[in-house]
1. Does PHE164 satisfy the condition of being modelled with pLDDT of 95 or more and of a type in the set (Phe, Trp, Tyr)?
2. Can you confirm whether ALA195 is surrounded by 13 or more Cβ atoms within 10 Å (Cβ to Cβ) and assigned to a helix (DSSP H, G or I)?
3. Here are the criteria: (1) touching a Phe, Trp or Tyr at 6+ places or on another chain (Cβ under 9 Å); (2) part of a helix (DSSP H, G or I); (3) within 26 Å of LEU192 (Cα to Cα). Tell me which single one GLN126 does not satisfy.
4. Find the residue count for the stretch 42-56, including only residues that are assigned to a helix (DSSP H, G or I) and either touching a residue at least 24 places away in the same chain (Cβ under 8 Å) or among the hydroxyl-bearing types (Ser, Thr, Tyr) (or both).
5. For the structure I just gave you, tell me whether ARG74 is surrounded by fewer than 17 Cβ atoms within 10 Å (Cβ to Cβ), at pLDDT 95 or above and not in a loop (DSSP other than H, G, I, E, B).
6. In the list ALA27, ALA124, ALA117, which residue meets the criterion of being in contact with a Pro (Cβ under 9 Å, 6 or more places away or on another chain) and under 29 Å from ARG171 (Cα atoms)?
7. Kindly provide the set of residues from the stretch 29-41 that are without any contact (Cβ under 8 Å) to a residue 60 or more places away in the chain and not in a helix (DSSP H, G or I), ordered by number.
8. Go through the stretch 113-123 and give me each residue that's among the polar types (S, T, N, Q) and assigned to a helix (DSSP H, G or I).
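The values are calculated or read from the model by the stated rules, or taken from the named source; none is laboratory data. Source: prediction; values computed, not measured. Every residue, glycine among them, receives a Cβ derived from its backbone with ideal geometry; neighbour counts consider all protein chains shown.
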Amino acid sequence: MDRQPKLEIIDGRRKRSERSRAAIITATLSLIDEGNYAPTAKQIAEEAGVGLRSFFRHFDDMEALMDTLDAHIRSYYEPLFDQPCHGGTLEERIENIVNDRSDAYERLKKMMMTTQAQLWRSKAVQKNYARNQKGLRRHLEKWLPEIGRLPNADCEAVHAAASFETWHRLRLHQKLNISDARAAMTAMLSRLMGA
């Protein structure tokens, strides 16, 4: 008879704990979306409405949070970069990959800026970044198998030209609109690949 209330207490604590953990993840994403690319544990806890102790009960450190955050959003961002390959001429495939990648870069730019901001200090971010870069290379080479016939320096130049860093430079530093940035990226890839 006495067992039922204890189970309810345990279940209530578990649900509160799950809510707090979810609130921390949501708060981190919210701060990133607001342009805070390297939020602190204190800022995240305040945004989540939890104490700093609670934050560290759920995540040993910021590394654990960044790893959890990547696992949480991976099912959203990976499909954006793994679109099915369209057939067509080299020129058509370059245009398609630029359109697909630029759409993904625009959607994910704040998360990608977070990665850039934290890459130098976070082993978790470095590990996830390396995995994602390998995936992006594989996907680009699947779309454009001609890359495999290029000299190594040209192959690396193609990957650099199709990168977020190049896209970000065109959009932010060179102040190109999406259409002009796509045209510039397409021109780079076309020239490098002899299209």
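1. Criteria met by PHE164.
2. no
3. Condition not satisfied by GLN126: (3).
4. 3
5. no
6. From the options ALA27, ALA124, ALA117, the qualifying one is ALA27.
7. Within the stretch 29-41, GLU34, ASN36, PRO39, THR40 qualify.
8. THR114, THR115, GLN116, GLN118
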